[in-house]
1. On average, how much area does the Cα convex hull of segment B:93-199 cover when viewed from any direction, in nm²?
2. Given R₀ = 22 Å, what would the calculated FRET efficiency be for residue B:135 paired with residue B:102, taking r from the Cβ atoms and rounding to 0.05?
3. Measure off 7 Å from each Cα along the Cα-to-Cβ vector at residue B:176 and residue B:57, then give the distance between these two points in nanometres to one decimal.
4. Which part of segment B:166-194 falls in the paramagnetic zone of residue B:143, meaning amide N under 17 Å from the point 7 Å along Cα-to-beta-carbon?
5. If you place +1 on the Cβ of every Lys and Arg and -1 on the Cβ of every Asp and Glu, how big does the dipole about the Cα centre of segment A:39-82 come out, in debye to the nearest 20?
6. What distance in nm separates the simple spin-label points at residue B:195 and residue A:51, each placed 7 Å from Cα in the Cβ direction?
7. Once phi is turned into θ = phi - 60°, what whole-Hz ³J(HN,Hα) does the Karplus curve with 6.51, -1.76 and 1.60 give for every residue of segment B:59-73, x standing for Gly and Pro?
8. What nm distance separates the two modelled labels at residue B:161 and residue B:117, each placed 7 Å from Cα along Cα→Cβ?
Amino acid sequence: MIKQQNQMHATIKERPVSTLDQKPARAEGRKDPWSQMLEKVGKSQDREAYHALFQHFGPQIKYYAMANGLSSHAEELVQEVFVSIWRRSCLYDWRKAAASTWIFTIARNQRIDMLRKMRRLSAEMPVETEDLWQIPGDNEDEPVTSLHRLMSERRIRESLSLLPEEQTTVIAKVYMENKSHQMVANELNIPLGTVKSRVRLALNKLKVILQDQNV
Amino acid sequence: MTQHHPDSLTLMEFSAGNLTEPHALCIRLHLDQCSHCRSRVDMLDSLGAVMMEQQPQVTVSGSMFDSILSRIDSEPAVQDLSGMRKNRVGPLEKLLGTDLNALPWKRQLGDLSVLDISDRFPGQSEQVVLQKLTAGGKALAHTHRGEETTIVLQGAFSDKKGVFNQWDFVVLNQQDEHKPVALEGDDCITLSVLSAPVRLTGTFTRMLNPFIR
Ligand SMILES: [Zn+2]
């Protein structure tokens, strides 16, 4: 574990933040531009930064809604997500999540919430969407974990392009079309075991699997 | 410290938002107590973000940003959300409305009590059951006809696979015959989501099986 931490520190030092448009100040080295903008929205209700976020993430969220069967409500979902981003931005902490990861979880929660409302389940359910799906522990400091979080997104982006298409296809169906592993197996007409092994191979390569102790 | 965690595939289904609500509740309760799995889910959320970023581009209607701004302007100023971080009632308390031990438990054979809470999840087909095994008590040997996801909410139990402590997570299926025994000290309370009813393997008749109606 300690060895791994050292490696991560080393990685940060030697790898310049090459994907950024702007040259970040030294102290801001680990912040990507979207996270900086989201922080500005949270700290000073900066509407220019908010607009930039909208232009970047709005189309992504619209596609996300369309891909998982909410075509006729796609723009409605984008609106809900952005209103939620505005309201919650004061809770955003760049050390704990990249803006894109933070926004993805809001999009996911709002999608679940919208489907729930369509099925008129919210009124009958004592627990809210966030009670089930929001990761707890907003206020705790887990420095090593934070570092993991920041590194992971960059690493995932880099290694995803190296995965065979059959693996990325399965992952895309799970995340974008919201299909269970079983549904993906049915659709691709392959055994469930094959779907699972493709996901495992991919997660291994993305180093998402830390320790699968039960397997 | 929990020893038994959900596997990465289940966490991925959680991160993608694809689990049923009872299953999501089990994961959420585990995440509440397990920083190891929280960081795994964080990484999976990042995977979701990168997948979302790499999809085809679509255009968003030009007037939408203005509608968003007018919605924001018509709402009261951003409230202080810091209260959201503290003193939140946990999902289980919200769901049950009372303390675990104060529930209207239904006594079964011997040391086991159960409470079916499936009706708290309208629109879900799974059976959601709380089970309580009195401290030191034994459950009957049984197998599982479908898949059973269980999280320990209080106390601990052991079976031939090991000891399952509070917040441990375990999935059992057809192959797993087990005979759980609650550890001494505290009643063991678990939350289980069953995709199909359990089947007794002993000599008892089906009428004694709490899960067959
Ligand atoms: Zn865990």
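The values are calculated or read from the model by the stated rules, or taken from the named source; none is laboratory data. Computed from a prediction, not measured in an experiment: that's the story for all the values here. When we count neighbours, we look across all protein chains shown, and the Cβ atoms used for this are built from the backbone with ideal geometry, even at glycine. Just so you know, the surface numbers come from the protein's heavy atoms only, side chains and all, with ligands and any DNA or RNA stripped out. Shrake-Rupley method; radii C 1.70, N 1.55, O 1.52, S 1.80 Å.
1. Details: hull surface 25.4 nm².
The directionally averaged projection comes out at 6.4 nm².
2. Details: r = 17 Å, r/R0 = 0.79.
Once rounded, the FRET efficiency stands at 0.80.
3. Modelled inter-label distance: 4.8 nm.
4. Taking a point 7 Å out along Cα→Cβ of residue B:143, the residues of segment B:166-194 whose backbone N falls under 17 Å are B:172-180.
5. Details: 4 positive and 6 negative charges, 20 e Å.
It comes to approximately 100 debye.
6. Going from the residue B:195 label point to the residue A:51 one covers 5.0 nm.
7. 9, 10, 4, x, 7, 5, 4, 5, 5, 5, 4, 6, 5, 5, 5
8. 2.2
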